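First the structure, in the form of structure tokens, and then the observations on it.
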Amino acid sequence: MPVHEREYILYCDESIKDGRYYSNFYGGALVAASQLEKVTRRLAASKLSLNLCQEIKWQRVTDQYLSKYIAIMDAFFDEIATGNVKLRVMFRQNARKPVGLTEMQIEQAYYILYYQFIKHAFGFGFMPDRPDPVALRAYFDQFPDTGEQVARFRGYILGLNESREFRKSKLAIRPEDFTEVRSHEHVILQCLDIVLGAMAFRLNDQHKVKPKGSSRRGRRTIAKEKLYNHIRGRILLLRPNFNTGITTGGTPEERWTQPYRHWAFVPNDHEFDASLTKRQK
């Protein structure tokens with residue numbers, strides 16, 4: 001991405017609130033405004049050439065469409081590899097159980113975690129120094145709630161303007177730039193959904209699931225595992241020592257510079273419950 005961009009677009013999505021081993025998956029794709037039209041046009045053209053006329057999403061992956069989904073993921077990761085898109089995924093391991101939460105924190109956990117993800121996952125505090133302010137437009141896939149909870153979350157996100165990270169980088173989210181969108185209208189958000197779904201699928205061992213009464217896995221499950229493996233292979237080209245289930249290593253500054261990262265969120269106050277790990281199953 002160019003060093004002195006004046007505006008960025010952040011696409012946000014979430015998946016699997018309560019998984020078997022890992023929960024609260026959040027994903028974000030960051031694109032410089034100067035690159036948005038080009039990236040969108042190339043990805044849309046790839047979809048069209050593959051005859052993927054409907055919205056693409058993880059839940060629609062089948063063995064019949066596997067090769068097409070692999071191809072669109074290659075197009076997406078080409079954009080990541082060239083620096084046109086930065087991708088981040090955050091999740092929480094169930095075994096690390098938060099303690100001492102208030103009733104409000106429990107009720108608002110979905111939005112509190114979303115706030116933490118946006119504030120920290122991209123390392124906005126490590127953006128290069130620049131003389132002019134930088135705008136951030138945040139596009140969220142439609143929320144499961146309406147009304148008061150979303151309004152409160154909107155207040156949290158706009159409050160980031162006063163955070164040390166945002167002030168240091170001259171970054172700001174204007175009220176009109178906090179927007180709920182429909183994913184079928186945004187191809188980048190669709191691609192993000194696939195990556196996020198793949199990570200939740202693998203970390204929760206859904207690749208091992210067999211239909212009731214069967215000794216073999218279903219064809220869709222096998223196809224999804226193959227797609228996950230292909231995505232992981234593309235990530236390994238960017239980060240050879242990448243480990244899906246842990247926070248991506250590196251210096252604090254690399255939270256901004258790296259094209260792809262994972263963040264295994266750990267609450268400050270938590271207890272470890274080994275019975276919720278894969279090794280105990």
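Brief remarks follow.
- Taking amide H as placed 1.01 Å from N in the peptide plane, Asn94 has its amide H under 5 Å from the amide H of Tyr22, Ser23, each at least 5 places away in sequence or on another chain.
- Straight-line cross-link reach from Lys170 at under 19 Å between alpha-carbon atoms covers these lysines, not counting any fewer than eight positions away in the same chain: Lys119.
- For region 176-211 and region 79-102, distance of Cα centres in Å: 13
- Label zone (Arg219, point 7 Å along Cα-to-C-beta; backbone nitrogen cut-off 12 Å) within region 52-75: 62-66.
- Across region 85-100, rounded Karplus estimates of 3J(HN,Hα) from the backbone phi angles (6.51 cos²θ - 1.76 cosθ + 1.60, θ = phi - 60°) give 9, 10, 10, 9, 10, 10, 7, 10, 7, 4, 5, 9, 8, x, 10, x Hz, Gly and Pro being marked x.
- Taking the DSSP bridge list for the chain and keeping only pairs wholly inside it, about 50 percent are antiparallel.
- Counting only Cβ charges, +1 for Lys and Arg and -1 for Asp and Glu, the dipole size of region 138-237 around its Cα centre is about 900 debye.
- Toward the positive end of the charge dipole of the chain, with +1 on the Cβ of Lys and Arg and -1 on the Cβ of Asp and Glu, the farthest Cα among Gln105, Pro259, Cys53 is that of Cys53.
- Proximal aspartates and glutamates relative to Lys208, as straight alpha-carbon distance under 17 Å, when same-chain residues fewer than 8 apart are discounted: Asp63, Glu225
- Here region 38-155 is treated with +1 on each Lys and Arg Cβ and -1 on each Asp and Glu Cβ, and its dipole about the Cα centre works out to around 200 debye.
- In a reduced charge model with +1 at each Lys and Arg Cβ and -1 at each Asp and Glu Cβ, the chain shows a dipole moment near 1340 debye about its Cα centre.
- Percent of C-alpha pairs per 5 Å bin, region 63-168, short to long: 2, 8, 14, 17, 17, 16, 12, 9, 4, 1, 0
- Residue-wise HN-Hα couplings along region 52-57, as the Karplus relation 6.51 cos²θ - 1.76 cosθ + 1.60 with θ = phi - 60° gives them from phi, are 9, 7, 8, 4, 8, 7 Hz; Gly and Pro carry x.
- Full-stretch length increase - Lys212, Glu271 - with 0.36 nm per residue and alpha-carbon distance subtracted: 17.8 nm
- Rg and Dmax of the chain, both derived from C-alpha coordinates alone, stand at 18.8, 64 Å.
- 18 Å reach of a label modelled at Val181, 7 Å along Cα-to-Cβ, counting backbone N of region 35-67: 35-48, 54-58
- Convex hull projection area averaged over all views, region 22-101, Cα basis, nm²: 7.7
- With 0.36 nm allotted per residue and the present C-alpha distance subtracted, the Gln54-Glu253 stretch has 67.8 nm of extension available.
Read the figures in this text as sums done on the coordinates, not as results from a lab. These numbers come from a predicted model, not from an experiment. Cβ coordinates were reconstructed from backbone atoms using ideal geometry, including for glycine residues, and neighbour counts include every protein chain displayed.
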